[in-house]
Structures are given as C-alpha cells and as structure tokens.
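Novice: Let me begin by handing over the structure; questions about it come next.
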Amino acid sequence: MKRLTKLIAFVLSFALLIPLGTVAFAGSAAKDGVHAIIDGIRDGSLVLDDTVSGEDGEAGIFSGDGAVQAFKNVRTFADLFRAFWHYIRSIIHSILNFTANHVLQDAHPEKKYLADYQSEHFYSGTQTFITEPAAGWRLGYSNVVYTPEDLLEHGYYMGGYDLFKVAKGNFDDLKVRAICMSDGSGRGVTAFAVIDAIGISNYDVRQIRARVEEWAKSSGADFNAINVAVSHTHSGLDTQGIWASPKAWLNNLAAMGVDSLAPEGVDPALTERFVSCAAQAIEEAYGAMEPGRLYYASKNEKEYFNDKSDPDIVLEDITRLRFVPADAASTPTIIANFGCHPETVGLKTDDTAGDRISADFLYYTEQILNQNGYNFILLQGGLGSLISSGRGPSNDELDLNRYESTVRFGWEIGYLLLGMTMSEEEIAAQLDGGSDADIYKGRDTEAYTLWYQDWQPSEETEVAPILNLRIEEVVFEMDNPILVGVGKLGFASNVMLYGDDGKTIYTVTEVGYLELGENIKVAMMPGEVAPELVKGGKTLTAEGSSKGEDFAYGPMKSYFDDDTVLLVFDVMNDSTGYIIPDNDYGEVVVRWDSDINGFTANTDGMLSFGSKSGSVFVGTFLELADYRNTKNGSVC
C-alpha cells in the first residue's frame, strides 16, 4: 500500500506541478493558464467528467444520479472498490485534462487541422489477395550501423529511462536491419526495416519512405509497402524527443503561444542519421533480393519472459521464419518474432551508470547467429507494458551485472533460434551446447541451468509463397492529457491535428493485416499491444476490468480457426504507446483482485495515446482481416 499511496501522490503532484511549473518557466501565458483553472472551478467548466460506465453524456459521478449509478450494483468488495476508484480516477483525469487543454498552449507556430490533412508517403499493401502459391519467395537482407560517429563530441541524449541523460559511450552498435521480400506474384515488394531505438513517429516513418521513393524513381524499384519499426531498446538514443535536453524543455515552455519561437523536438542530427541509414538499409536489401524457400517454426519458451505488470500475461512463443536462398553460397536469414523489451542493460543501478548506449540483447543474439552463418532481424511481438527478459541477474543464482545478463540472454536466444528444430543431442554436438563460458569464468557455474536441458525440438514447415497485405490509415483521437501535453509542447514529432472545434486533437497512424503462406496471419500494430488483447485475459471481462465492463471484442485469436498462426508485429510504422483494453483504461488503474485478495495497480494509461486504443486498433485489424475473408482476390 505504501507504493500505491506514493504512486497516487506522484500522479496528483505531477498534474498540479504542470501549471505551477509553467508559471516559473513560461511567464504570463502560463499564469493566465493557472487563472483559467481557478476560473474553471468557479464557473463549472472544470468538470469531473468521468462516469461509472465511462460513457459520455451520462450523469457525472459527483452528481446525485451519478452516485446512485456508481453504487446501485455493488455486490462485492471488488464492486465497492471499483465504484470508489471511479471517483479518484475522475479527479486525476480531470485535473490532467484541464491542464493539457486550458493551461498548456500549443508551442507550434501554426496549428494543423484534420480537415486540411493530405496523406503522403503511405502504402496500402498488395491491394489484391491471392490464395494459390505464386512463383516463389525472393528475399534480400541488409544491416547498417547508425551509431553516430560524433557520439561523444555532439552530446546525444539517450531515450528509454532517465530524462536529460547524455550518452557517454557505447557497449555495442546501434543498427538498422532490413528485409525486402516478395512472393513472385508481380504485386510489388514488401519492405520491413527495424531501427535500434526506443520509438519512432509515423511522421519520421514517412520521411524514410520519401527518401526511398527518390531512389526508387531512378532504380525502378516497385514497393507495395515500406514498413519501419523499432527494436524498442531502452538504451539507445532519443529518437522521439521525449527525453530531451533541459534547454529544450525551457525553450518549449517559453514557446507556448509565442509565434516567434519554434519548439525543439528530436535532435535534427540524429533524425538525419537514422532516416538516411534506414533508407540505405531498405535500398540495399531490395538490391540483395534472391530466390529461395521460407520455413516456419515456433517454440513455447515462457520462462524467457517476465511480465512485471498487471495482469501478468505474455505471448509465450518464440517464432522463427528462416529464409534459405537457392544459391548455397548465399547467407540465409532468420526473422525472429517474440515480444520482449530490450531494457536490461540501460537502467542506472549500483553496478552501472546507465549512460552507455546499447542495442541490448539483440546485438548479442545477432552475434551468435552471424557466427553460425545467418543474418538476423527481430520483428517485435506483443510487447505489453513491462514484458522483459526472464534471464535476469538473479536467475540461476549467478552473480551477474546487468550488462553480463544482457549478453547471456542475447546469446541464449541466438542459440535457441539456431537449435529450435534440433534434438538435445544435436544441440550438444553441433552448437557445443551453446557455450558461453567466458561470462562464467571464476563464478559458481554449478548453479547454471543449461538452456537446452530436457529440450524438445519443434517441427519446421515450409511457407508457401503467398504474401497478402492490407494497411489502413487510422485517424485516432488523442485523449490522454499527458501525451497531449507533450505533443502541444512540441517534443515528439508525431503530427497533431486539431478538429473543427479547435480543441479535440487527432493523430494519423497505421494498422496492418498481413498473410504469409496459407495459415500465418500477422497483426501489424502501431504501439505496444497488451497480450490479453491477442490471447485473452480477465481484464477483457466486466468482472476483471477496472471499469466493470466487457471489452468490445473477444481475443484476436478467437476470430481465427485453430490452424491459424496469429503473430503480432508491434511498434510498426509508429509508436503510439500502450494499446490496452478500453474497459481497463485509466492514467492510473487500481483494482481489487479477489484471486490474490489484494490490490493491483498499473500506470499503463499514462503512456497510451488514448482511451480507445484497444477498440480502435483491434477493430481496424479485424476489419482488415474480414476484408481478406470476404473479398478474396478482389481489388479494394
């Protein structure tokens, strides 16, 4: 309970400090905002507008009718606490919302309006869908190091943990990895690029596409989609502008309502670096395309993932797509898919300052695969909010620091991907057991658990050359006041569009539906998907959610037959934060869990674009999947 009390106190303090802080830094414009709060309380415009059911237009919970609504269905202590928490949540949300909409003024010199929006550099996919195998797979691979050459001289800020932290060195290199693939049907090439970074805005994704398009004009390259994701390393550089410098914070606060000042976002030098390197990687991958075969295998490896959030749900499979070129002299490629935050090495602890950049475990996974003759790329799976490595410092009672734990986890994932279809005996003979003895020299290695102990191999199947893809632009209403405030201050490079009322704020993002072969379906999501949206969980139900309502949809897997493999490609073409069920949304969520006879809490909603992220993005994906099922082979 002490932690819970501190958490609530922090949120309320943060909400109140925003207007107070702007007074100190931004002068008269912010003072007017504080007076607006006072006036809002007096005239009733500061409304505690959340209701018991979360539906607009119903009685506010501080009204008499609202109170009756809140408590009339109370049957258990969980019901009573849920009704009580609506009051607390309403206070938190209303203060934050009023601050974002009435205190903070837009720091951008000119507002952009949804009515004027014109789509550019957007790719909708293959347009037509096929059911019979095409001529055959072609795939090309590239990776480009984008660690800035002036890393120490320039003063780049890190992104992922602490604000205002300048990188003082690096453990390893940050890269952009890319693949270009086609089924040989003549419907264009699909590109996937993954940047070792915490996140990327859809705006910057489109800048990368624009660079590639310039090259495509002269090369004749034909793309049906150019998709850009991030590895989500928490030890990289600030590619979103959120962890910006103190100078940027002062500048952006001062720029509120002042047309002569422009806000500072992502470091322009860094933006140029990752945009140009991503375009280069895609172009090189396109040029390296060659024929071959594609194979699929997966293995349940729950012990490799640790979900520190509530509810504790993970997508347990590690998936491997293996491309084998027809030319035996060419290098094969492993495309991995699983959800795990690369966040082990970058946190400041007693044994590390947390000021050295790193791609985290991915770099060391790639190291093992490269040593064994494979290219490597990871397309992040259902990341959730706090799903990270299950091979941490305390695992097996080994005395490892965070960097050593990162190397260990990365190496083991590499060996696991290599040995997925091998027997225990084959692994011991061909992979030398996945030896990582260097890390354990001088340590109590008797405590070490062999990663392949009691190993059961997986079956590998060939994937027919069918690639169908449909991507939809989604106009999304941002109603998370924290991220609205960040956007208005001009830190992130996401495009913010005002509605006709001049107050409601929207952004444009993308959701995709991909088919590989006859039974692999992929949800391409712009943020970090809560695994319960994919496989189910108690928070999708009224009794298990903080709002006491059912989620609008069933688990995504329930819409497909048992033979379908449903994968998730997360943080794809945008970084919209956590994608969580609407019925469990809140800047702070506290619930009574009868299973543990205690309280659980999370703050996932603070880092989500809005309260409807779950229903809008899941609903769009299901509509695209239904398009495939009902308009087979037709032109959209």
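Novice: Go through the stretch 526-635 and tell me which strands (runs of 3 or more DSSP E), entirely inside it, have 3 or more residues that are closer than 16 Å to residue 309 by Cβ. Walk me through it before giving the result.
Specialist: Values: elements: 565-569, 589-593, 598-602.
Because the criterion is at least 3 residues that are closer than 16 Å to residue 309 by Cβ, the strands (runs of 3 or more DSSP E) in the stretch 526-635 that meet it are 589-593, 598-602.
Novice: List the number of the failed condition for residue 285; all other conditions in (1) more than 18 Å from the chain's Cα centre (by Cα); (2) surrounded by 21 or more Cβ atoms within 10 Å (Cβ to Cβ); (3) outside any helix (DSSP H, G or I) hold.
Specialist: Result: residue 285 passes all but (3).
Novice: Of all residues in the stretch 308-327, which are assigned to a strand (DSSP E or B), surrounded by fewer than 20 Cβ atoms within 10 Å (Cβ to Cβ) and under 22 Å from the mean Cα position of the chain (by Cα)?
Specialist: Hit for the stretch 308-327 is 317, nothing else.
Novice: Looking at the stretch 401-415, can you tell me whether even one residue there is of a type outside the set (Phe, Trp, Tyr), at pLDDT below 90, in a helix (DSSP H, G or I) and open to solvent by 60 Å² or more (accessible area, probe 1.4 Å)?
Specialist: Residues of the stretch 401-415 that are of a type outside the set (Phe, Trp, Tyr), as a first pass: 401-402, 404-408, 410, 412-414.
Next cut, at pLDDT below 90 only: 401-402, 404-408, 412.
So of that shortlist, the ones also in a helix (DSSP H, G or I) come out as 402, 404-408, 412.
Subsequent filtering for residues that are open to solvent by 60 Å² or more (accessible area, probe 1.4 Å) retains none.
No, the stretch 401-415 contains no residue that is of a type outside the set (Phe, Trp, Tyr), at pLDDT below 90, in a helix (DSSP H, G or I) and open to solvent by 60 Å² or more (accessible area, probe 1.4 Å).
Novice: Is there a residue in the stretch 113-126 that is modelled with pLDDT under 85 and either part of a helix (DSSP H, G or I) or surrounded by fewer than 17 Cβ atoms within 10 Å (Cβ to Cβ) (or both)?
Specialist: no
Novice: Still on this structure: Among the residues of the stretch 154-206, what is the count of those that are aliphatic (A, V, I, L, M) and in a loop (DSSP other than H, G, I, E, B)?
Specialist: Taking the stretch 154-206 and keeping what is aliphatic (A, V, I, L, M), we get 158, 163, 166-167, 174, 176, 178-179, 181, 189, 191, 193-195, 197-198, 200, 205.
Checking the rest, the ones that are also in a loop (DSSP other than H, G, I, E, B) come to 163, 167, 174, 197-198, 200.
The total comes to 6.
Novice: Right, next: Given the structure, is residue 576 within 15 Å of residue 512 (Cα to Cα) and either touching an Asp or Glu at 6+ places or on another chain (Cβ under 8 Å) or in contact (Cβ under 8 Å) with a residue 12 or more places away in the chain (or both)? Give the steps one after another, and end with the answer.
Specialist: On the way: within 15 Å of residue 512 (Cα to Cα): yes; either touching an Asp or Glu at 6+ places or on another chain (Cβ under 8 Å) or in contact (Cβ under 8 Å) with a residue 12 or more places away in the chain (or both): yes.
Against the criterion (within 15 Å of residue 512 (Cα to Cα) and either touching an Asp or Glu at 6+ places or on another chain (Cβ under 8 Å) or in contact (Cβ under 8 Å) with a residue 12 or more places away in the chain (or both)), residue 576 qualifies.
Novice: Out of the stretch 127-166, which residues are closer than 30 Å to residue 185 by Cα and of a type in the set (A, V, I, L, M)?
Specialist: So in the stretch 127-166, the residues closer than 30 Å to residue 185 by Cα come out as 127-144.
Matches in the stretch 127-166: 130, 134, 135, 139, 144.
Novice: List pairs: first in the stretch 105-128 and under 10 Å from residue 498 (Cα atoms), second part of a loop (DSSP other than H, G, I, E, B), Cβ under 7 Å, 6+ apart or cross-chain?
Specialist: 112/495; 112/496; 114/499; 115/500
Novice: Within the bounds of the stretch 471-481, is there any residue that is farther than 30 Å from residue 107 by Cβ and either in contact with a Gly (Cβ under 7 Å, 6 or more places away or on another chain) or open to solvent by 20 Å² or more (accessible area, probe 1.4 Å) (or both)? Give the derivation first.
Specialist: Filtering the stretch 471-481 for residues farther than 30 Å from residue 107 by Cβ gives 471-472.
Those left that are additionally either in contact with a Gly (Cβ under 7 Å, 6 or more places away or on another chain) or open to solvent by 20 Å² or more (accessible area, probe 1.4 Å) (or both): 471-472.
Among the residues of the stretch 471-481, at least one is farther than 30 Å from residue 107 by Cβ and either in contact with a Gly (Cβ under 7 Å, 6 or more places away or on another chain) or open to solvent by 20 Å² or more (accessible area, probe 1.4 Å) (or both), which makes the answer yes.
Novice: From the list 538, 557, which residue is at pLDDT 95 or above, more than 16 Å from the chain's Cα centre (by Cα) and among the basic types (Lys, Arg)? Spell out the reasoning first.
Specialist: Numbers: 538 fails: at pLDDT 95 or above.
Only one candidate qualifies: 557.
Novice: Return the only residue of 354, 292 being touching a Leu at 6+ places or on another chain (Cβ under 7 Å) and at pLDDT below 90.
Specialist: Numbers: 292 fails: at pLDDT below 90.
Step by step, each of 354, 292 is checked, and only 354 is touching a Leu at 6+ places or on another chain (Cβ under 7 Å) and at pLDDT below 90.
Novice: When the stretch 213-244 is examined, which residues are found to be open to solvent by less than 20 Å² (accessible area, probe 1.4 Å) and among the hydroxyl-bearing types (Ser, Thr, Tyr)?
Specialist: Correct list: 231, 233, 235, 239.
Novice: Select, from 190, 131, 99, the only residue that is over 22 Å from residue 367 (Cα atoms), touching a helix residue (DSSP H, G or I) at 6+ places or on another chain (Cβ under 7 Å) and either of a type in the set (Ser, Thr, Tyr) or surrounded by fewer than 24 Cβ atoms within 10 Å (Cβ to Cβ) (or both).
Specialist: Numbers: 190 fails: touching a helix residue (DSSP H, G or I) at 6+ places or on another chain (Cβ under 7 Å); 131 fails: touching a helix residue (DSSP H, G or I) at 6+ places or on another chain (Cβ under 7 Å).
On inspection, the qualifying residue turns out to be 99.
Novice: Note down all Cβ pairs under 7 Å where the first residue falls in the stretch 613-624 and is of a type in the set (Gly, Ala, Ser), the second is part of a helix (DSSP H, G or I), and they're at least six residues apart or on different chains.
Specialist: The qualifying pairs are 614/533; 614/582; 615/582.
Here is a yes/no grid of residues against (1) in contact with a Cys (Cβ under 7 Å, 6 or more places away or on another chain); (2) in contact (Cβ under 8 Å) with a residue 12 or more places away in the chain; (3) open to solvent by less than 10 Å² (accessible area, probe 1.4 Å); (4) within 18 Å of residue 569 (Cα to Cα):
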site	(1), (2), (3), (4)
329	no, no, no, no
340	no, yes, yes, yes
360	no, yes, yes, no
373	no, yes, no, no
377	no, yes, yes, yes
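Novice: Now for a separate question. Counting only residues that are at pLDDT below 85 and of a type in the set (Phe, Trp, Tyr), which one in the stretch 586-636 is most open to solvent (accessible area, probe 1.4 Å)?
Specialist: Step by step, filter the stretch 586-636, then rank; the result is 599.
The values are calculated or read from the model by the stated rules, or taken from the named source; none is laboratory data. What you see is a predicted model; the values in this text were computed from it and never measured. Cβ: placed from backbone, ideal geometry, glycine included. Neighbour counts: every protein chain shown. Surface areas here come from the heavy atoms of the whole protein model, side chains and all, with no ligands, DNA or RNA. Shrake-Rupley method; radii C 1.70, N 1.55, O 1.52, S 1.80 Å.
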